[in-house]
Structures are given as C-alpha cells and as structure tokens.
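Encoded as structure tokens, the structure appears first; notes follow it.
The values are calculated or read from the model by the stated rules, or taken from the named source; none is laboratory data. Predicted model only: the values in this text are computed from it and were never measured. Cβ atoms come from the backbone with ideal geometry, glycine included; neighbour counts cover every protein chain shown.
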C-alpha cells in the first residue's frame, strides 16, 4: 500500500472528514466509490449467443467469419479464448457499432460479461489504512 498516495487522495477528496479524524466514514466512502473495470474473461461462440441472443449473435458471428480482418478471431471464438477484458476487443466491438454490424445495446451486453466494479482508488481500504495514511 502506498500510504503517501492514499493520504494525498484522502486530503483531495475527503478534506473535512480527514480534518475530523473520521477514519471509518472515509474508508466506507472510498470503498463505495467505484469505477468500471474488467476481469480476465475468455468467451466463445456460446457466450456470444447467450449474451445477445440467437439472432443478433448469429449475425455478429457471420460478420466476423466473413471478414478477412477477423480471420484469426474465428479460432479464438471456437476455442472459447477471445478475451473480453482486452481493450482491443472492446474497441473493436465499438467499431462494429459504428460500422452498423452490431447495436450499441448488444456491444454493451457483451462488454458487461467482463465488467466488475472496482474501488476508484484501486483497492479495498480499511479504517486502519486511513489512520496510517493520515497519522502514520
């Protein structure tokens, strides 16, 4: 734990609570302040069909299999090894929305398979962590 960084974060985001020595409310607030992150997630054909439905899934797979640029994606899908936590894959899904090959709602459903909420600070913070950061 980088206590200097934690202290800087606390003083910038919770100055009144820090001045009052309110360790527990700071820890609770920090742990409830989350951002979207991505867990390691490999998917295949079945996950696509399950996430966005048979009609939309078949349409997406048909586009992927028929497009030469995606020729190396096909084996990953068949093996269930396409990584949804990859920024490249998520960006490609967004590009397919722009190209009209996928709806935004279906792209979001696919990305949601790998999404998790993580603390904005990057890790769970205990009351003791707050106390140590603020008072050493």
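Below, the figures for the structure above:
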read-out	value
Residues being within 14 Å of residue 126 (Cα to Cα) and at pLDDT 95 or above - total across the range 8-22	1
Hits in the range 69-84 - residues which are out of contact with any strand residue (DSSP E or B) (no Cβ under 7 Å at 6 or more places or on another chain) and free of Cβ contacts under 8 Å to residues at least 24 places away in the same chain	69, 70, 71, 72, 74, 75
Residue in the range 87-98 that is farther than 25 Å from residue 36 by Cα and at pLDDT 95 or above present	no
Residue that is in contact (Cβ under 8 Å) with a residue 12 or more places away in the chain and either over 21 Å from the mean Cα position of the chain (by Cα) or outside the structural domain of residue 111 (by TED's automatic domain parsing) (or both), where the choices are 66, 56, 51	56
Of residues in the range 85-121 being in a loop (DSSP other than H, G, I, E, B) and touching a strand residue (DSSP E or B) at 6+ places or on another chain (Cβ under 9 Å), the one surrounded by the most Cβ atoms within 10 Å (Cβ to Cβ)	114
Conditions (1) touching a residue at least 12 places away in the same chain (Cβ under 8 Å); (2) more than 23 Å from the chain's Cα centre (by Cα); (3) under 30 Å from residue 128 (Cβ atoms): number failed by residue 27	(2)
Count of residues meeting criterion [surrounded by 11 or more Cβ atoms within 10 Å (Cβ to Cβ), part of a helix (DSSP H, G or I) and in contact with a strand residue (DSSP E or B) (Cβ under 9 Å, 6 or more places away or on another chain)] in the range 1-47	3
Residue within the range 56-65 that is more than 28 Å from residue 2 (Cβ to Cβ) and not in a helix (DSSP H, G or I) present	no
